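As structure tokens, the structure follows; a few thoughts come after it.
The values are calculated or read from the model by the stated rules, or taken from the named source; none is laboratory data. The structure displayed is predicted, hence computed values, not measured ones. Ideal geometry is used to build each Cβ from the backbone, glycine not excepted, and the neighbour counts take in all protein chains shown. Side chains included, ligands, DNA and RNA excluded: accessible areas come from the protein's heavy atoms. Shrake-Rupley method; radii C 1.70, N 1.55, O 1.52, S 1.80 Å.
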Amino acid sequence: MQVPAHFEYQRATSVEDAIALLERYGPESRIVAGGHSLIPMMKLRLAQPELLVDINGLADLGGISLAGDVLRIGAMVRHAELLASVTAGTHFPLLHDAERVIADPVVRNRGTVGGSVCQADPSEDLSAAFTALRATAVIEGSAGVRRVPMREFFHGPYQTAVGPAEVLVELQIPLSNSATLAGSSSAYLKVDRRAGDWAVAAAAAVLRIDRDSVVTEVGIGLTAVGARQFAAVEAEDFLRGRQLTGEHIAEAGDIAAQHCSPVADQRGPVDYKRHLAGELARRALHAAAARADLAIIGRL
Amino acid sequence: MRVTVTVNDQDYIRDVEPRLLLVHLLRDELGLTGTHWGCDTSNCGACTVWLDRVPVKSCTVLAVMASGSSVRTVEGLERRGGELDQLQVSFALCHGLQCGFCTPGMLMTARWLLDRLPDPSDVEIREAISGQTCRCTGYENIVRSIRHAAESERAAG
């Protein structure tokens, strides 16, 4: 029987209360949201917090809404809620692509967006998605609210910018790459070994092209292949300002593959994962392009 | 730590350790052994119960986190007067189980599916139960059972 070690449990009554509890108990205290990353880690003694601060009751951390020029997604939004959100899917179809392949429907009922991102597992899907979308993490502590770009959020495997006495409040995605704008869309593609498994590799693509099919904005995220901050920056730099052609997309895929650092494990050897990184980046770019502008498909 | 929980419309109060998992509260403290305890890693889905009206894997929910909530287990599927739920009838008719270990989780997830989607396609059924592992049936008869239940419920209006 797998049971966590002893710990204390408190329910936070507000974000401020959660921060106060984390400060009082120190670095051995942890926030629990959906618990679908932390509780398994606690069963295996990979995490052994002395206090769990439960933020499930905090309405401030919920909800998906448009606010000015961003889409905001509360940290406590469950995966199922993001998958069901018409607003999120209309503006950023890659969020629905990614959610559809995260774990399984029952796990998605409980696991949260904020919990997934804060777990910072190298194989986690939303990290690459939010990186490609250039989202911003809103983090609150006793000193106030900080805004951290997703590309500075991940400090390494299982390490993020969120401090020991801070709470991730929400993620904000700029609407400048919304699929509701002409020439703009996004896609996420994943290869896994079986339904609900972690990715062998996956890629996120966000594209914006002008009337002459020149790429004006591009975001490429890579999952599970050791890409720095989950981003394929060199491939983005190559595509930006170039005509969106099949050849250029293929070259961007090659560049993405060259610049990632997969490690061999039970999901596959390095060369296979590198191949997947390039191929999935290419396919995600094609899928985003097809969604952005049906007229362009014939030319790719 | 005090836990107050409503299970299948009945209120329970128990004092438990914070580390007690919901699946063990249900089975060991409340004696509701219909919920099965399987892989312990939120993969197999045998422990699936409804928590505030949505199915969750109770091996990955702390009992204290469920305090103040309502839980529905496979024992709560049976209608008043001992009448089986249509899904239970259909699983029996279509041989939707062999050893029966995965069945409580399958039933709770399938009930949730049919409540939201009375006429699911086979693809939708397979997607819905993709978090439930069965090692006996190869899933064919489970999909058939759920489809049979959906058809029976639609026919009954």
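Worth a mention:
- A straight chain from residue A:247 to residue A:8 at 0.36 nm per residue would run longer than the Cα-Cα distance by 80.3 nm.
- Taking amide H atoms as placed 1.01 Å from N in the peptide plane, the amide H of residue A:92 lies under 5 Å from those of A:179, each 5 or more residues away in sequence or on another chain.
- Largest GNM mean-square fluctuation among B:16, B:71, B:56, using chain B with Cα springs under 10 Å: B:16.
- Here the simple spin-label model places points 7 Å from the Cα toward Cβ, and for residue A:194 and residue A:254 these points are separated by 3.8 nm.
- Computed per residue of chain A from DSSP H runs no shorter than four, each worth -39500 (n - 2.57), the mean residue ellipticity at 222 nm is -9500 deg cm²/dmol.
- Placing a pseudo-label 7 Å from each Cα along the Cα-to-Cβ vector at residue A:271 and residue A:176 gives an inter-label distance of 4.1 nm.
- In degrees, nearest ten, helix B:103-116 long axis to first principal axis of chain B (Cα): 70 degrees
- A straight line joining the Cα centroids of region B:21-54 and region A:245-260 runs 47 Å.
- Applying the Karplus relation 6.51 cos²θ - 1.76 cosθ + 1.60 with θ = phi - 60° to region A:71-83 yields 3J(HN,Hα) values of 9, 9, 10, x, 4, 8, 4, 6, 3, 4, 6, 5, 5 Hz, where x marks Gly and Pro.
- Cβ-based charge dipole, region A:8-54, positive-most Cα from A:29, A:46, A:12: A:46
- Nearest-ten-degree value, helix A:270-292 long axis tilted from longest Cα axis of chain A: 70 degrees
- Fluctuation leader among A:43, A:273, A:190 - chain A, Gaussian network, Cα springs under 10 angstrom: A:43
- Probe 1.4 Å - accessible area at residue B:37, Å² to nearest ten: 90 Å²
- Separation between Cα centres of region A:194-213 and region A:140-184, rounded to whole Å: 19 Å
- Considering helices alone, the calculated mean residue ellipticity of chain B at 222 nm is -9000 deg cm²/dmol, with DSSP H runs of length four and up weighted by -39500 (n - 2.57) and normalised per residue.
- Sequence-separation-based contact order of region B:80-156, relative, with Cα cut under 8 Å and 6+ spacing, percent: 48 percent
- Cut-off 18 Å (backbone N to label point 7 Å along Cα→Cβ of residue B:53), residues of region B:105-140: B:108-118
- Tensor-based shape of region A:8-54 (alpha-carbon gyration tensor, a/c under 1.5 rounded, otherwise prolate or oblate): oblate
- Between A:67, A:205, A:18, the GNM of chain A built on Cα springs shorter than 10 angstrom shows A:67 fluctuating the most.
- Charged side chains reduced to their Cβ positions (Lys and Arg at +1, Asp and Glu at -1) give the protein assembly as shown a dipole of some 500 debye around its Cα centre.
- The modelled label-to-label distance for the pair residue A:121/residue A:146, using points 7 Å beyond Cα in the direction of Cβ, is 2.6 nm.
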